[in-house]
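Reading through the structure tokens given below for one structure.
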Amino acid sequence: MTECIFCKIIEGTIPSVKIYEDENVFAFMDIMPVTKGHVLLIPKTHRENVYDLTEEEAAHLFSVAPKIANALKDEFKPAGLNLLQNNGAPAGQAVFHFHLHFIPRYDETDGFRPTFETKESESSTERIQEIAAQIRAKLEN
Ligand code: 5GP
Ligand code: ZN
């Protein structure tokens with residue numbers, strides 16, 4: 001028996017408010033919506049985070065993202081939309097089954113406050129080049 005709350009939602013052993021389902025993904029309303037229309041999209045196969053998704057699973061899941069985004073856009077006419085995906089507790093992950101948040105944005109006081117503070121020590125051209133070289137080396141492996 002799985003202990004994963006999102007696996008239980010997929011199985012139907014705990015209730016959810018479904019908006020979309022196909023063979024591989026399931027989308028449902030977040031139980032604690034940050035804004036009107038806050039939706040979660042998950043793979044049906046239990047994967048803890050982005051590191052564990054296969055390329056095929058990721059490709060299919062993200063192919064569904066514009067469909068959901070456009071449904072939210074057409075119905076609620078939000079001023080914007082954030083897609084958010086947390087990996088690991090320090091990144092804000094609370095449920096350890098991969099999920100992509102769709103958070104429609106209505107204005108700057110709608111309750112969702114992502115902030116990007118520039119880290120000065122990472123900002124020089126030399127540092128950015130150095131970090132990019134490290135990432136490229138990994139990607140070439
Ligand atoms: P995380 O912080 O892991 O990125 O986001 C987890 C999300 O799952 C939260 O926004 C939270 O409200 C939502 N959530 C947690 N438990 C349940 C549940 O039982 N049902 C639904 N529909 N959403 C849940
Ligand atoms: Zn799961």
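The values are calculated or read from the model by the stated rules, or taken from the named source; none is laboratory data. Values in this document were obtained by computation on a predicted structure and should not be read as measured data. Heads up, the Cβs are rebuilt from the backbone with ideal geometry, glycines too, and the neighbour counts pull from every protein chain shown. Areas reflect the complete protein model, heavy atoms only, side chains present, ligands, DNA and RNA absent. Shrake-Rupley method; radii C 1.70, N 1.55, O 1.52, S 1.80 Å.
With every protein chain present, what is the per residue accessible area of the range 5-113 (1.4 Å probe, Å²)?
Ligands and nucleic acids excluded, the figure is 57 Å² per residue.
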field: Partner lysines for residue 73 [C-alpha distance under 22 Å; skip if fewer than 8 residues away on the same chain]
entry: 18, 36
- prompt: When the accessible area of the chain is split by element with a 1.4 Å probe, what percent falls to carbon and sulfur?
  reply: 56 percent
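Just flag the chymotrypsin sites (Phe, Trp or Tyr not before Pro) in the range 17-121 sitting in loop per DSSP whose Cβ has no more than 15 other Cβ atoms within 10 Å.
116
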Principal semi-axes in Å for the chain [√(5λ), Cα gyration tensor, largest first]: 29, 22, 15
message: At a threshold of 8 angstrom on Cα-Cα distance, excluding pairs fewer than six apart, so keeping six or more, what relative contact order does the chain reach in percent?
response: 23 percent
statement: With only helices counted (DSSP H, runs n ≥ 4, each -39500 (n - 2.57)), the per-residue ellipticity at 222 nm for the chain, to the nearest 500, works out to -10500 deg cm²/dmol
